[in-house]
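Peer 1: Here's a structure for you.
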Amino acid sequence: MIRACVCGIVFLLVNTVKKGCDTMTKNEMSNEVPIQNRVLLTFPQAAKYSGIGENKLRELAEREEFSNCILRNGNRKLIKRENLQDYLLELDEI
């Protein structure tokens with residue numbers, strides 16, 4: 001009798017969790033933060049966000065004037081999204 005009750009409770013819990021998952025969006029299930037909400041971007045993400053090619057962004061990253069947009073994590077460079085946006089809004093051409 002107790003075993004049947006425990007199995008019934010487990011069944012209810014599993015079905016409740018499944019129903020909750022059905023109503024979640026794809027981003028909520030993968031815990032992925034949209035690009036526009038990220039603080040730091042990789043070069044591919046920054047290229048997608050800004051519409052500027054990865055190679056051009058890598059060129060910019062070598063410039064002194066762009067240094068406030070870069071965060072170094074060991075050998076890896078990440079781009080500060082808000083600083084990138086501010087930097088690009090001030091330019092007439094790249």
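Peer 1: Among Ser67, Ser50, which comes first, second and so on when ranked by fewest other beta-carbon atoms within 10 Å?
Peer 2: Going from sparsest to densest Cβ surroundings: Ser67, Ser50.
Peer 1: Please compute P(r) over all alpha-carbon pairs of the range 33-94, binned at 10 Å starting from zero, and give each bin as a whole-number percent.
Peer 2: Result, from short to long distances: 22, 64, 14, 0 percent.
Peer 1: List, in order, the whole-Hz ³J(HN,Hα) value for each residue of the range 78-86 obtained from phi through the Karplus relation with A = 6.51, B = -1.76, C = 1.60 and θ = phi - 60°; use x for Gly and Pro.
Peer 2: In residue order, the calculated couplings are 10, 9, 6, 4, 5, 5, 4, 4, 4 Hz.
Peer 1: Quickly rank 41-49, 68-76 as a protection proxy: mean count of other C-beta atoms within 10 Å, highest first.
Peer 2: 41-49, 68-76
Peer 1: Applying 1/(1 + (r/R0)^6) with R0 = 25 Å to the Cβ-Cβ distance of Glu93 and Gln45, what FRET efficiency is obtained, to the nearest 0.05?
Peer 2: 0.60
Peer 1: Moving to a separate point now. Around Val39, what is the net charge, scoring Lys/Arg as +1 and Asp/Glu as -1 over all other residues with Cβ under 9 Å from its Cβ?
Peer 2: Charge balance in the 9 Å sphere: +2.
We did not get these values from a lab; they are worked out from the coordinates using the rules stated. Remember, predicted model here, so these are calculated numbers, not experimental data. Heads up, the Cβs are rebuilt from the backbone with ideal geometry, glycines too, and the neighbour counts pull from every protein chain shown.
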